[in-house]
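Here is the structure we will look at, set down as structure tokens.
Quick note: the coordinates plus some simple rules give every number you see, no bench work behind them. All of these numbers come straight from a predicted model, not from anything done at the bench. Cβ placement follows ideal geometry from the backbone for every residue including glycine, while neighbour counts extend to all protein chains displayed.
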Amino acid sequence: MNNLKNFHEHQNILSVVSKKIIKVVPVLMLFLLIASCSSVRVAADYDKNANFNEFKTFAFYKPGIDKAEISDLDKRRILRAIETELMAKGFTKSENPDMLVSIFTKSQQRVDVYNNAWGFGGWGWGGFGPGWGWGWNQQPTVSTRTEGTLFIDFIDADKKELVWQGMGNGYLPTQNLEKKEERIQEFVSKVMEKYPPGMAQ
């Protein structure tokens, strides 16, 4: 009788735990997906021989910007955000600049597949004896999203040499214009945290 009682108690525990996991795991996977989508990964490279204290004025480098394969609307959004960040750092826009600013972009469709459904398995032997177990159900969730990369180039106007390049990579909304505007500003802000070298946060 005691063995039978213990067996039923074990089944009840498994049932409760399984139900909790079924509720928690999809929420956890959704949280991880949102977190990965919201983050902007940034990096920067620069010429160690360049004196960045000499750069006080800037202008946009049209020949380079024209090559960016995005709409003119998105170009203007990016350039406005860059201009705001540079002016906040003490730069002045000039027709005779110390530094030229160019951009380059690329994007790709990313497909994510998640196995995020917990369910009951079949009858078998477990650590507590025979009974119903639980495990993964092979029911993948597939999502498609656009991942964009933004490069911001700073060029020595006199030498015509690249002295600094920042890169930001992350999820890019394509349908909601308001969210796109906010996302572009976030991209630029995160990348510009890397400038000047040695002052990155």
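What to note about this one:
- Computed extension length for E182-T92: 30.0 nm, one decimal, from 0.36 nm per residue of separation with the Cα-Cα distance subtracted.
- Separation of the K56 and L79 label points, Cα + 7 Å toward Cβ, nm: 2.5
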